[in-house]
Structure formats: C-alpha cells, structure tokens
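Asker: Sharing a structure below in structure tokens format, with a few things to ask.
Throughout, read-outs are computed from the coordinates displayed, never taken from laboratory work. Keep in mind it's a predicted model, so treat the numbers as computed, not measured. Note that each Cβ is placed from the backbone with ideal geometry, even for glycine, and that neighbours are counted across all protein chains shown.
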Amino acid sequence: MPNDAEIVIAGGGFAGLALALALRQGLGRAAHIVVGDPALAAPAAADGRASAFAAASRRLLAALGVWPQLTAAAQPILDMVVTDSRTADAVRPTLLTFAGEVEPGEPFAHMIENRVVLDALAAACRDAGIEMVPAAVLRATDDAGGARILAEFADGRSVLAHLVAAADGGRSHLRQRAGIATLSRQYRQSGIVATLGLEFDHDSRAEEHFLPSGPFAFLPLTGRRASIVWTDDSSAAAHWCRLAPEAFVDEVAARLGARFGRLTLIDAPRAFPLRLMIAREFVKGRLALVGDAAHVIHPVAGQGLNLGLRDIAALAEAMVDAARLGLDLGGPEVLERYARWRRFDTLTMAAATDGLNRLFSTDAGPLRLVRDIGLGVVERMPGVKQLIIREAAGLGGAVPRLLRGEAI
C-alpha cells in the first residue's frame with residue numbers, strides 16, 4: 001500500500017530541495033515531504049558550474065536558514081560593466097556600468113559554485129526530517145476522484161500525496177508523461193563553462209562582453225578565481241573545449257583582455273547546448289511544474305536559476321496559505337494561483353533574454369550602432385539603471401514573502 005504525504009517532489013536540484021525546505025518551514029514538522037532523485041545517493045558533482053544568486057534568492061536562502069552555511073563560499077558582485085565589441089578589437093570601451101547594491105550593504109547578486117549550494121540544501125533537508133529517496137519518480141497519476149495523486153518511484157515504492165511537484169529538469173519526464181506541450185526553439189549555440197585562476201584581483205567585478213558570436217560573461221568567485229560563461233556557435237564551442245589548456249586560456253584572454261593578468265585553467269571547460277523552452281501549462285491535475293521543468297531560458301542575464309527559485313517561493317506560499325485556511329494543499333484554487341503568479345514573469349523574462357541574445361549576437365553595423373546608442377542612453381539615466389538592477393535582483397513586481405527574506 002502507498003504511503004501518504006503532503007507533497008512529493010521529483011528532482012533534487014536547487015528548485016526541488018528549496019521547495020522542500022520552504023514547505024517544511026510553512027507546514028511544520030508533522031508534514032510528510034518526500035524528495036526523489038537518483039542524484040541524492042551521493043554529494044553533488046563538481047562540474048565547474050557556478051550560479052549568480054540574485055538578492056531575492058539570497059533572501060530566500062537566508063529565510064530558509066541555509067545562507068549562513070554559504071557565506072564563506074559566496075562572492076558578492078559589487079560592480080558590473082558591459083561592452084560591445086569584436087573579438088579582434090584592441091580596446092573594449094565600457095558602454096554601461098552598474099553599481100552592485102540594491103540596498104545599502106546588500107549586493108544585487110552573489111556568485112557561488114553549484115555543488116556547494118546543492119550540498120548545503122541537501123544537508124538542511126535531511127536535518128529537517130524530509131524524506132530523501134535516491135530514486136526517480138517515474139509516474140504521477142491522479143486517483144479516480146482527483147482527490148489525491150499517486151507518485152511511483154523507480155525503486156518500487158509509491159506515495160499518495162496532495163500534490164506532485166515536477167522539478168526534474170528541462171527534459172522533465174513527468175511533464176512529458178502528463179502530455180504538457182512546450183514552446184521551444186534551439187539556439188544552435190552552446191554555453192562554455194570553465195573556472196579560471198587570476199593573477200590579479202577581480203575586485204568583485206563582473207563583466208559582460210557582447211561579441212558577434214554571443215555574450216561572454218566573466219563572473220567573480222571567491223579568491224583570485226572566476227567563472228566564465230562563453231556563448232558561441234555549438235560547433236565552435238565543441239572546438240574550443242577540445243583545445244589544450246594553454247590554447248584554451250589564450251582564446252579566453254583574447255576575449256577578456258589583460259586586466260586580470262596571467263590566467264590559468266582550474267576546471268576543464270564544458271559546453272552545454274542552449275535552448276528556449278516554456279511549458280504551455282504550469283499545472284495539470286495535481287501536478288505542478290517548477291524550475292527548469294517549467295522553463296529554460298538563455299543564460300545571457302544569468303536569471304534561469306533565480307526564475308526557478310521564484311517558482312518555489314510562489315508555490316510554497318500558495319500551499320501554506322491554503323493549509324492555514326484548512327483548504328486542500330493541491331486543490332485547483334491553489335495551483336491556479338501559482339500558475340497565474342508565475343506565468344507573466346516567466347514569459348517576460350524569456351522574451352527579454354531571447355531578445356538580448358538576438359540583438360547582441362550579430363555583427364551587423366547599423367544594428368550595432370543602434371544598440372550602442374541605447375546602452376549609452378541607459379548609462380546616463382540613473383533611475384532606469386536602478387530599476388534594471390532591482391528587476392535583475394528579483395525584487396520587482398509581486399514578490400513572494402520568502403524572496404523578501406520573510407518566513408512563510
């Protein structure tokens with residue numbers, strides 16, 4: 001016979017683990033929360049990837065009690081510059097700059113290596129008494145009356161819950177089984193990720209260089225280290241990743257410049273295909289999509305992870321509010337509230353990142369002139385820049401309580 005639970009979460013990544021912690025906080029220790037993912041059998045892999053946690057995401061992690069475990073590994077971004085040039089240009093003039101605070105003493109983002117955050121979230125979930133199952137959720141089926149949903153795991157166990165949250169990634173198995181269609185397009189680009197050692201300090205400064213082949217982001221890490229996200233045509237990206245370390249570093253230096261002195265390669269570069277994907281429905285029956293299962297966007301603005309954490313803050317708040325009113329945690333009113341809350345923000349961010357990539361991944365002269373004039377105009381408008389910073393920090397619009405740093 002299946003076990004009973006308030007919620008089953010398919011996927012043990014950022015979104016799945018943060019959702020489990022948020023619901024533990026809001027529903028209390030008596031709530032049975034189950035997370036299923038084969039990756040939970042071992043610590044997170046060191047794959048060289050790091051993420052920019054916007055101010056709202058940092059507030060969420062603080063509200064969940066995880067941030068104190070991350071401060072030593074978190075590198076604040078205190079300054080950001082944007083350039084638009086060709087690879088061979090000897091000088092990369094700065095067209096746009098951003099000061100890095102949304103509030104006095106609060107940076108608009110921190111860079112942290114993914115594995116550090118995943119391990120901290122998993123440890124917090126175990127300490128909170130959340131059931132961690134190292135097996136995939138294969139199926140999620142509403143029962144005959146639609147009052148509960150049955151989650152079936154790869155190890156043979158089954159759990160009857162009020163709700164199943166699919167946080168199982170951009171190629172979500174549960175989304176596909178539910179027949180939820182998607183809007184998608186392949187960018188024919190790949191994002192090359194690598195970690196560099198620097199001769200000179202980065203001074204907490206991030207850089208975004210818009211090049212004809214795609215954006216090249218330099219993102220500071222703790223110590224004299226940095227993460228790069230280098231967007232290029234997929235075939236070119238594969239070529240760059242096959243280079244010897246010294247040759248790869250030379251190519252990076254050609255795009256980055258000499259400001260940081262001699263560069264060394266800490267982690268081998270890896271290329272990840274880029275695409276745009278948005279689910280046509282965020283909920284179906286008692287299934288809710290969160291994180292990459294609901295949307296995948298271009299990394300040009302570093303917002304993919306933060307968009308997923310906004311999902312879980314909204315879903316957790318809707319469920320906890322329902323519980324306090326004695327309502328069904330996975331009922332249609334709860335899930336429709338979640339879907340309404342997240343739909344517009346997701347579509348807006350997807351359109352913005354797609355538009356930025358299209359606008360800047362070209363070397364057409366007239367278009368370069370127009371966009372450089374646009375950047376120059378924004379540079380001279382402090383109010384507009386502050387609005388952009390707040391949006392990038394995740395603090396614009398109707399912000400769920402967790403993203404304001406408040407308990408739910």
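Asker: Quick one: compute the contact order of the chain, relative version, from alpha carbon pairs under 8 angstrom and 6+ residues apart, as a percent.
Answerer: Values: 867 pairs, mean separation 91.7, N = 408.
This gives 22 percent for the chain.
Asker: Sorting Phe98, Phe282, Phe200, Phe272 on the 10 Å Cβ count, fewest up front, what's the list?
Answerer: The most exposed by this proxy come first: Phe200, Phe272, Phe98, Phe282.
Asker: Under 8 Å for C-alpha pairs, at least 6 residues apart: give me the relative contact order for the stretch 160-242, rounded to a whole percent.
Answerer: 28 percent.
Asker: Please identify every one of the trypsin sites (Lys or Arg not before Pro) in the stretch 218-321 that sits in a loop by DSSP and has no more than 12 other beta carbons within 10 Å of its own beta carbon. Before the final figure, lay out the partial values.
Answerer: Values: sites: Arg224, Arg225, Arg242, Arg255, Arg259, Arg262, Arg270, Arg275, Arg280, Lys284, Arg286, Arg310; in loops: Arg224, Arg259, Arg262, Arg280, Arg286.
Taking the stretch 218-321 and a limit of 12 other Cβ atoms within 10 Å, the loop trypsin sites (Lys or Arg not before Pro) found are Arg262, Arg280.
Asker: Calculate one ³J(HN,Hα) per residue across the stretch 193-210 by plugging θ = phi - 60° into the Karplus curve 6.51 cos²θ - 1.76 cosθ + 1.60, and present them in order as whole Hz with x for glycine and proline.
Answerer: For the stretch 193-210, the Karplus-derived couplings read 10, 7, 10, 10, x, 10, 6, 10, 4, 8, 6, 6, 9, 9, 9, 10, 9, 8 Hz, x marking Gly and Pro.
Asker: Please report the spacing between the Cα centers of the stretch 197-229 and the stretch 26-55 in Å, no decimals.
Answerer: 27
Asker: If I take R0 = 56 Å and measure r between the Cβ atoms of Ile388 and Asn3 in this structure, what FRET efficiency does the formula 1/(1 + (r/R0)^6) give, to the nearest 0.05?
Answerer: 0.75
Asker: Ranking Glu113, Glu333, Glu208 by Cβ neighbours within 10 Å, fewest first, what do you get?
Answerer: Glu333, Glu208, Glu113
Asker: Run the simple label-point estimate for Glu251 and Ala99 please: 7 Å along Cα→C-beta, distance reported in nm.
Answerer: It is 3.9 nm.
Asker: Another question, if that's okay. Between Ala144 and Asp89, what FRET efficiency comes out of the Förster formula 1/(1 + (r/R0)^6) with R0 = 56 Å and r the beta carbon distance, rounded to 0.05?
Answerer: Approximately 0.30, to the nearest 0.05.
Asker: Follow-up question, since we're still on this one. Based on other C-beta atoms within 10 Å, arrange Glu246, Glu101 from fewest to most.
Answerer: Glu246, Glu101
Asker: While we're on this one: If one takes the longest principal axis of the Cα atoms in the chain, at what angle in degrees, from 0 to 90 and to the nearest 10, does the Cα axis of helix 382-392 lie?
Answerer: On a 0 to 90 degree scale, this one is about 40.
Asker: Evaluate E = 1/(1 + (r/R0)^6) for Ala42 and Asp127, where r is the Cβ-Cβ distance and R0 equals 22 Å; express this FRET efficiency to the nearest 0.05.
Answerer: With a Förster radius of 22 Å, E is 0.75.
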